[in-house]
1. What does the extension gain come out to for residue 78 and residue 61, with contour length at 0.36 nm per residue minus their alpha carbon separation?
2. With θ taken as phi - 60° and the coefficients 6.51, -1.76 and 1.60, list the Karplus ³J(HN,Hα) couplings across segment 8-15 in order, rounded to whole Hz; mark glycine and proline as x.
3. With each label point set 7 Å from Cα along the Cα-Cβ vector, what nm distance links residue 42 and residue 28?
4. Apply the Karplus curve 6.51 cos²θ - 1.76 cosθ + 1.60, θ = phi - 60°, to the phi angles in segment 19-33 and return the couplings in whole Hz, x for Gly and Pro.
5. Suppose a student asked you for the relative contact order of the chain, using Cα pairs under 8 Å spaced at least 6 residues apart; what percent would you report?
6. Taking square-rooted eigenvalues a ≥ b ≥ c of the alpha carbon gyration tensor, is the chain rounded, prolate or oblate, where a/c under 1.5 means rounded and, failing that, a/b exceeding b/c means prolate?
7. Filter the trypsin sites (Lys or Arg not before Pro) in segment 9-44 down to the DSSP loop ones having no more than 12 other Cβ atoms within 10 Å, then list what survives.
Amino acid sequence: MEGWRILATALLGAGGLLLVLLTMAKVRDRAGRSGPVAMAGAVSVTVLALLCLFTATVLAAPVAWGAVVVVCGAAVVLALVG
């Protein structure tokens with residue numbers, strides 16, 4: 001496996017985990033119940049896991065790095081705004 005794939009997957013996982021936690025906190029604030037929070041967490045983790053798997057195996061370099069930029073950028077914006 002190429003080194004850039006490992007680095008991109010690690011960055012995507014770190015930014016994505018932060019994004020999952022921020023998403024779950026936003027849902028908790030709006031819904032006030034644990035059911036929607038668990039559903040949002042499950043969907044977010046599943047999408048993140050699939051994106052990490054595809055980044056590590058089959059995505060082209062520009063697409064993989066684009067996903068890293070989008071996910072990490074969204075996590076930073078939500079952390080600063082929220």
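1. So the extension gain works out to 3.5 nm.
2. Once θ is set to phi - 60°, the couplings for segment 8-15 become 5, 5, 5, 5, 5, x, 5, x Hz.
3. Distance between label points: 1.8 nm.
4. 5, 4, 5, 5, 5, 5, 5, 5, 5, 4, 5, 7, 8, x, 10
5. Details: 59 pairs, mean separation 39.6, N = 82.
Answer for the chain is 48 percent.
6. prolate
7. Details: sites: 26, 28, 30, 33; in loops: 33.
Here the sparse-neighbourhood loop sites are 33.
A short reminder: the numbers here are calculations on the coordinates, not readings from a lab. Source: prediction; values computed, not measured. Counting neighbours? That spans all protein chains shown, and the Cβs are built from the backbone with ideal geometry, glycine included.
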